[in-house]
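Report on the following structure.
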Amino acid sequence: MQFLEFAQICERLEGTPGRLDMIEQVGAVLPRLGDDELLVFVRFIMGRVFPDWSPQKLGVGPNLLYDAVAYVVGTKRDAVREAINATGDAGLAVERLLANKEQTSFFIQEMDLLDVYQDFERMAAAEGQRSQREKLRVAQKLFGNARPLEGRYLARLMLEELRIGMGEGNVRDAVARAFDIDVRLVEHAHQAMNDLGEVALLARQNPAALSSVTIEPFRPVKMMLAQAGTIAGQIEDHGEVAVEYKYDGSRFQFHKKDGVCRIYSRKLEEVTGSLPDIVRQLEEATADHDVILDGEAVAVRDGRPMPFQYVIRRFRRKHQVDSMMEKIELVPRVFDILYLDGETLMDRPLAERRRLLEDVLKVHIAPQFRAGDVVGAEAIYTEALNRGHEGVMVKVLDSPYTPGVRGRLWVKVKPGVETLDLAVVGAEWGEGRRAKMFGSFLLAVQDQGRLLTVGKVATGITDEVLADLYALLKDNVIARSGKEVTLEPQVVFEVGYSEIQTSPNYESGYALRFPRFVQVREDKSVDEAETLDALVERYRLQKNGQGSGTLPD
Ligand code: AMP
């Protein structure tokens, strides 16, 4: 497939309002692609270049994009930046700039989908001091050969945000449709393989194998997630449940095979080098088993848990890990097992996984309690808070492990203010002594690959934190208009609020009352931001007077 055709498909999808229509269009394209193309097309159409589990990262920021486009159209970086500011969309701005150039250039080399992918691989492989120069060189070549419409989608792919509304759910449905396979089977295989491209290939080549895909060491699967809920609700729905402490640490997935150990963060980045102490403890504790374990790394001082910030500092640490280790001691709390000695366990019920976990691991296990009545479970909750934990997780005993799913099989129960994890999509310059920083931030929930605004947050942020936030976000600016900037969505804020209201002022149709900044969720990527569906569910619960994360007094 020519890249131009891919761009035309994207353009058509962008103009298609209905979800089902979009799925049908993509479903019609997939069967006619070659094997390699199928793999790449499926990733590209979701705005991804590499699978989520892959250590390959493109590593292109807005500045590199400005430079590459400026070179190709023969202008200055600032002119490109301004063009992007004026349209508020990097893709459209690049398209227009290339359209002006087109009249003067004579020679364009056709690119097909695989050429572009190989160039992206080259960019990802660039390492060390010269890496930026090498990435720039490849980006210049790509834009040099791009027609305006191709430029629109090249730019967006480089920023890994295609803005055409083909999120994972839609692409999964399109794969099911294209190869006439039950969508649950596609979803199941996707959870294990963590790459819809490969799932699509298998769906075509050997659909029977989709039901028996296994998970493999060193290919991390997404973490299973929890919804906010109540103890009473969970017991009412499921009877006896498993109750565990909710640790205020950072999630990890530990893989071990043939004595080789690697550990991954919640975003599935490999952090083995930053966490040698956790790795050593788990390596020893698992004897000669091959395993994939799911757990939380917590910082401890004098037997009491330390706040999350201490843990995340260690996850980020790449240099002088030893000296940092002396200051912040991390211990693992393992609560699940996904793989044991060649066998995938994700479809086994939690109760059985727990038995296997207890067989394999005698230490570092997170305690698990069983409770069949609300009074008993609340006693564990109170105990959890007394011990300094965040709350409890209430898990359904016969539930499978569902990677990437934020369902009600795991429910988190915490006291205090409600919080939401939201993507930061814009900001506004501050005033007075805050004039050189951003003073407020525009937040969004996600919905099928789109980010929809839900409010702004300005309170709860000290000057010191504002300065840190500015440093964190300043390179993500993709457009400016007056006092407002648009940010490439890369950062997630945890935001407290008193109430969710319906509102015509934001794209989601909802707004937060009294939003308050709590912290940057450095462990979360934007695709883990709260979904519109979950927001609507919270709104519904709140209207029914049930709150969502708090226990009744
Ligand atoms: P949240 O980050 O607020 O969505 O809460 C879910 C997170 O709590 C998980 O992703 C884990 O990092 C963390 N967590 C702490 N203790 C547990 C536990 N016992 N079981 C599962 N997740 C836990």
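The values are calculated or read from the model by the stated rules, or taken from the named source; none is laboratory data. A quick note: this is a predicted structure, and the numbers were derived from the prediction, not measured. Neighbour counts are summed over all protein chains in view; Cβ atoms, including those assigned to glycine, are modelled from backbone coordinates with ideal geometry. Only protein heavy atoms, including side chains, enter the accessible area calculation; ligands, DNA and RNA are left aside. Shrake-Rupley method; radii C 1.70, N 1.55, O 1.52, S 1.80 Å.
Mind giving me the FRET efficiency for residue 87 and residue 211? R0 is 51 Å, r the Cβ-Cβ distance, nearest 0.05 is fine.
Values: r = 46 Å, r/R0 = 0.91.
The calculated FRET efficiency here is 0.65.
With a 10 Å radius around each residue's Cβ, average the other Cβ atoms per peptide and rank 63-69, 279-285, highest first.
For the peptides 63-69, 279-285, the packing ranking is 63-69, 279-285.
Separation between the residue 122 and residue 302 pseudo-spin-labels, each 7 Å from Cα along Cα→Cβ, expressed in nm?
With each label placed 7 Å out from Cα toward Cβ, I get 5.9 nm.
For a test of the definition: using alpha carbon positions, the gyration tensor, and the 1.5 limit on a/c, classify segment 171-322 as rounded, prolate or oblate.
Oblate.
How long is the chain along each principal axis, judged by its Cα atoms, biggest number first, in Å?
Per principal axis, max minus min of the Cα coordinates gives 75, 62, 51 Å.
Sticking to Cα atoms, compute the Rg of segment 437-482 to one decimal and its Dmax as the biggest Cα-Cα distance, whole number, in Å.
Answer for segment 437-482, Rg first and Dmax second: 12.2, 35 Å.
Is there a quick way to get the dipole size of segment 378-448? I mean about its Cα centre, with the Cβ of Lys and Arg at +1 and of Asp and Glu at -1; what is the value in debye to the nearest 20?
220
How compact is segment 1-151 by the rule of thumb for globular proteins, expressed as Cα Rg over 2.2 N^0.38 Å? All intermediate terms of the calculation are to be shown ahead of the outcome.
On the way: Rg = 15.9 Å, N = 151, 2.2 N^0.38 = 14.8 Å.
In units of the 2.2 N^0.38 Å rule of thumb, it is 1.08.
What nm value, rounded to one decimal, do you get for the distance between residue 182 and residue 465 when each label is placed 7 Å out toward the C-beta?
4.8
With only Lys, Arg, Asp and Glu charged, each at its Cβ (+1 for the first two, -1 for the last two), find how big the charge dipole of segment 450-553 is about the Cα centre; round to the nearest 20 debye.
Result for segment 450-553 is approximately 460 debye, rounded to the nearest 20.
Over all alpha-carbon pairs of segment 298-421, lay out the pair-distance distribution in 5 Å bins, whole %, shortest bin first.
Over segment 298-421, the share of Cα pairs per 5 Å bin runs 2, 8, 15, 17, 19, 19, 13, 6, 1, 0 percent.
Taking R0 as 35 Å, what's the FRET efficiency between residue 543 and residue 484 from their Cβ-Cβ distance, rounded to 0.05? Could you put the intermediate results ahead of the total?
On the way: r = 32 Å, r/R0 = 0.91.
E(calc), rounded to 0.05, equals 0.65.
Kindly give Rg over Rh for segment 119-212, based on alpha-carbon atoms, with the Kirkwood expression for the hydrodynamic radius.
Radius of gyration relative to Kirkwood radius: 1.11.
Pop the C-beta distance of residue 382 and residue 79 into the FRET formula with R0 = 45 Å and round what comes out to the nearest 0.05.
Approximately 0.15, to the nearest 0.05.
How do the peptides 230-239, 248-257, 174-183 rank, highest first, by the average count of neighbouring beta carbon atoms within 10 Å per residue?
248-257, 174-183, 230-239
Provide the solvent-accessible area of residue 304, counting protein heavy atoms only and rolling a 1.4 Å probe, rounded to the nearest 10 Å².
About 120 Å², rounded to the nearest 10.
With a probe of 1.4 Å, find how much accessible area segment 140-277 has per residue, and write the answer as a whole number in Å².
Counting only protein heavy atoms, the per-residue value for segment 140-277 is 32 Å².
Taking the Cα centre of the chain as origin and charging only Cβ (+1 Lys, Arg; -1 Asp, Glu), how large is the dipole, in debye to the nearest 20? Present the calculation step by step, with values, prior to reporting the outcome.
Details: 71 positive and 86 negative charges, 311 e Å.
That gives the chain a dipole magnitude of about 1500 debye.
Counting helices only, and only those DSSP H runs with n ≥ 4, report the 222 nm mean residue ellipticity of the chain as the sum of -39,500 (n - 2.57) divided by its residues, in deg cm²/dmol to the nearest 500.
Working: 20 runs with 221 residues, N = 553.
It comes out at -12000 deg cm²/dmol, rounded to the nearest 500.
May I ask you to compute the full-extension gain from residue 25 to residue 435, defined as 0.36 nm times their residue separation minus their alpha-carbon distance, rounded to one decimal in nm?
Going from the current span to full extension adds 142.8 nm.
How tilted is helix 62-73 with respect to the longest principal axis of the chain? Cα atoms for both, answer in degrees (0 to 90, nearest 10).
10
Please give the solvent-accessible surface of residue 531 in Å², to the nearest 10, using a probe radius of 1.4 Å with every protein chain present.
Rounded to the nearest 10, the figure is 60 Å².
Using +1 at the Cβ of each Lys and Arg and -1 at the Cβ of each Asp and Glu in segment 437-531, identify which of 504, 444, 473 lies farthest towards the dipole's positive end.
Comparing the listed Cα positions along the dipole, 504 ranks first.
Residues of segment 299-393: accessible area per residue at 1.4 Å, in Å²?
Details: 4980 Å² over 95 residues.
Value for segment 299-393: 52 Å² per residue.
Over 21 Å between Cα atoms: which of 246/456; 246/395; 57/135; 257/318 fall into that group?
Long pairs (Cα-Cα over 21 Å): 246/456; 257/318.
Give me the percent of accessible area attributable to carbon and sulfur for the chain, probe 1.4 angstrom.
On the way: 11490 of 24030 Å².
C and S atoms contribute 48 percent here.
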